[in-house]
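One structure below.
The values are calculated or read from the model by the stated rules, or taken from the named source; none is laboratory data. Everything numeric here is computed off the predicted structure, so don't read it as measured data. Here Cβ is always computed from backbone atoms with ideal geometry, including for glycine, and neighbour counts include all displayed protein chains.
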Amino acid sequence: MKPPVSELNAEALYQALIAQIRPAIEGIDHLAVAGIRSGGAWIAERMASDLGLETPPGFIDVSFYRDDYAEKGLPAEVKPTHIPFDVNGATILLVDDVLYTGRTTRAAINELFDYGRPARIMLAALLDRGGRQLPVAADFTAATVEADKKEMIVLQQADDKTFSLTVENA
C-alpha cells in the first residue's frame, strides 16, 4: 500500500533520493544537474551542492514547451531557462519534484535539446504519483504515492532551504 502524501517527510525523501543517486553517478565525466522549475529547480540546486558538483545547476522553465500551452496560456510565474553548462556530450540529471503524466518531463527534454545533444539524460523525481500519459519513467524516485486526480502535490522550500509537501485542490 502506498502512503498518503500527508504522511511523507520531504526532507527524508530528499535524503533517500540522494542516497540512490550517489552510487549511480560515480565516475561519470561531464555530469550536470538541471531542475525543472520550481520544485525540481530547488531540489537540483541543493543536490548539486550536496553531491559536490563543480558545475552549477541549470534551471528549466517548460512553459513554452508544454503541449497544453495554447489551452492554459502563460503562467504568471514564468522564469527564464538558465543552462550554465555545455549540454553537448553531458550526462544530465534532470530533476523534478513530482512525476505525474510525463508531459512536463517531455517538455523539459525538448528544451534541453535546444541547447545541444546530451550523451544521456537521467530522471530523478522526489515523488512518483503514477497517472502517466506518456512513456516516461524516473531512474531515481524517493517514493511512489497515490493522490486523487483533483489534488496537486506541492513541494515548498523554507528560507533555510528545507523541503515540505502539501496537497492542494487542483
Q | Selection status of Gly35, within 27 Å of Asp148 (Cβ to Cβ), touching a helix residue (DSSP H, G or I) at 6+ places or on another chain (Cβ under 6 Å) and buried (at least 21 other Cβ atoms within 10 Å of the Cβ) | A | yes
Q) Taking into account only those residues within the range 1-57 that are part of a strand (DSSP E or B) and out of contact with any Asp or Glu (no Cβ under 7 Å at 6 or more places or on another chain), which is farthest from Val167 (Cα to Cα)? A) Leu31
Q) Of all residues in the range 111-138, which are part of a strand (DSSP E or B), out of contact with any Asp or Glu (no Cβ under 6 Å at 6 or more places or on another chain) and closer than 21 Å to Glu11 by Cβ? A) Ala124, Leu127, Asp128
Q. Of all the residues that make up the range 128-156, how many are on the phi < 0 side of the Ramachandran plot and either surrounded by 19 or more Cβ atoms within 10 Å (Cβ to Cβ) or touching a Leu at 6+ places or on another chain (Cβ under 9 Å) (or both)?
A. 18
Q) Residues Pro3, Pro23: which one is free of Cβ contacts under 8 Å to residues at least 60 places away in the same chain, over 17 Å from the mean Cα position of the chain (by Cα) and surrounded by fewer than 17 Cβ atoms within 10 Å (Cβ to Cβ)? A) Pro23
Q) Among all residue pairs at least 6 apart or on different chains, which show Cβ distances below 9 Å where the first residue, located in the range 139-160, is farther than 17 Å from Tyr14 by Cβ and the second is part of a strand (DSSP E or B) and charged (D, E, K, R)? A) Glu151/Glu168; Met152/Glu168
Q: Determine the pairs where a residue that is touching a residue at least 12 places away in the same chain (Cβ under 8 Å) and surrounded by 18 or more Cβ atoms within 10 Å (Cβ to Cβ), located within the range 105-121, has a partner that is among the acidic types (Asp, Glu) and not in a helix (DSSP H, G or I) with Cβ atoms under 7 Å apart, the partner being 6 or more residues away or on another chain.
A: Thr105/Asp96
**Q.** Filter pass, Pro84 being surrounded by fewer than 15 Cβ atoms within 10 Å (Cβ to Cβ), part of a helix (DSSP H, G or I) and modelled with pLDDT of 95 or more
**A.** no
